[in-house]
Every structure is written in structure tokens, then in C-alpha cells.
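In what follows, a structure is listed as C-alpha cells, so that the remarks can point back to it.
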Amino acid sequence: MNPGGDDHRGLHVSLRVPLAWRAMSAGEADGILQRTAMVLQLLNLQGESSPLPEAGEEARQAWRHLDRKLDVIIAMLGLLLAQGGEGGEVVPSRLDPRGIEWAARTGPEAGRPVVVRLQLPGAPALELPGTAQPAADGRWRVAFDAWPEAVAEQLEKWIFRQHRQAVARARQKTPPS
């Protein structure tokens with residue numbers, strides 16, 4: 001996963017992960033959004049920083065123990081959620097707080113409610129419900145409409161964290177002047 005490229009503006013993350021989409025049934029969105037909120041909360045917890053440096057060794061050990069427990073819980077949840085569908089084809093995609101866009105030969109019909117499923121490394125599948133937008137040049141887009149504010153904020157927080165981590169990795173690779 002990498003932060004967005006130079007050709008797009010705004011907060012986003014560029015991904016190359018298994019992606020699948022399917023039509024969404026009427027009344028299904030609420031249940032999907034509840035699972036999406038749970039997965040996003042887990043993803044955001046997974047990226048939490050450790051205690052402050054002045055914390056004692058006992059606090060750091062307790063934090064590491066809690067971190068390992070969280071990893072196990074996420075893995076178990078991932079196994080449970082993975083039973084519900086296949087991972088999909090690995091495709092380049094661009095995720096932002098308002099929607100997702102990906103490159104593929106085929107995609108959903110514009111105006112239809114769909115669910116896009118992303119299989120992120122080391123995490124449960126992330127299902128993103130929305131409405132398919134008109135496609136152009138093999139690029140498909142689904143807009144996240146009518147999401148509860150709390151879920152939308154969790155997605156934005158995760159995207160921001162991915163961006164921040166990518167910037168930090170880039171700085172570590174760049175030798176000092």
C-alpha cells in the first residue's frame with residue numbers, strides 16, 4: 001500500500017490489494033456498515049502508537065501484551081469474516097473518504113448499489129457499500145453515500161494514518177542532506 005500518486009489531490013491512499021464487488025440487496029447496507037465500522041476501528045487500533053517514552057518498562061510490557069492480544073483478535077475476526085466471500089483480483093485502486101476507484105476490464109453498472117470488498121494484508125476484509133458511478137477508460141468508481149458520520153470518520157482516520165506512515169517511511173529512506 002502506498003499513499004496516493006501525484007496525479008490526484010486530496011486525502012487518499014493508493015492500494016494494490018484483492019478487490020471484488022457485488023450488487024447490494026435492499027436493506028443490506030446497515031449490516032454492512034456495522035461490520036465496516038468494526039473493521040475500521042480494529043484497523044485504527046492496530047496502528048495506535050505505544051506508550052510515551054517516559055513510561056516505565058512495566059507499562060511497555062503491558063502494552064506489548066495488549067498489542068499481541070489485539071493481533072490475535074484481529075486475525076480471528078479476519079478468519080470469521082473471510083468465510084463470507086472470496087478475496088477478488090489484485091488491482092490498483094484509489095481509496096478516499098468519499099469513494100473508491102479501481103482499474104479493471106469490467107465493473108458495476110452506474111447508479112446501482114454495490115459493495116466493494118478489499119482484502120487488506122493482515123486484516124479482516126473491508127466491505128465498502130456505495131453507489132456505482134459512470135465508468136471511463138477501464139476505471140470504475142463507487143461513491144460512499146449515506147454513511148453514518150462515525151463510520152466515515154473512521155475511514156478518514158485510517159486513510160490519514162496510512163498517508164502519515166508512508167510519509168514517515170519515505171523520510172527514513174531519504175538520506176540527510
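Brief remarks follow.
- Looking across the stretch 12-46 at every residue that is part of a helix (DSSP H, G or I) and among the small types (Gly, Ala, Ser), the one that is farthest from GLU109 (Cα to Cα) is identified as ALA37.
- Under the condition of being open to solvent by 20 Å² or more (accessible area, probe 1.4 Å) and touching a residue at least 24 places away in the same chain (Cβ under 8 Å), the residues counted in the stretch 145-154 number 6.
- Strands (runs of 3 or more DSSP E) fully within the stretch 61-144 counting 2 or more residues that are at pLDDT 80 or above, under 13 Å from the mean Cα position of the chain (by Cα) and surrounded by 18 or more Cβ atoms within 10 Å (Cβ to Cβ): 89-96, 99-103, 113-118, 126-136
- Residue under evaluation ASN2, criteria (1) open to solvent by less than 80 Å² (accessible area, probe 1.4 Å); (2) polar (S, T, N, Q); (3) under 17 Å from the mean Cα position of the chain (by Cα); (4) at pLDDT below 75, criterion not met: (1)
- Qualifying residues in the stretch 16-33 (those that are within 17 Å of the chain's Cα centre (by Cα) and open to solvent by 70 Å² or more (accessible area, probe 1.4 Å)) - the one modelled with the lowest pLDDT: ARG16
The values are calculated or read from the model by the stated rules, or taken from the named source; none is laboratory data. Just so it is clear, the model here is predicted, and its values are computed rather than measured. Cβ sites come from the backbone with ideal geometry, for glycine too, and all protein chains shown count toward neighbours. Only protein heavy atoms, including side chains, enter the accessible area calculation; ligands, DNA and RNA are left aside. Shrake-Rupley method; radii C 1.70, N 1.55, O 1.52, S 1.80 Å.
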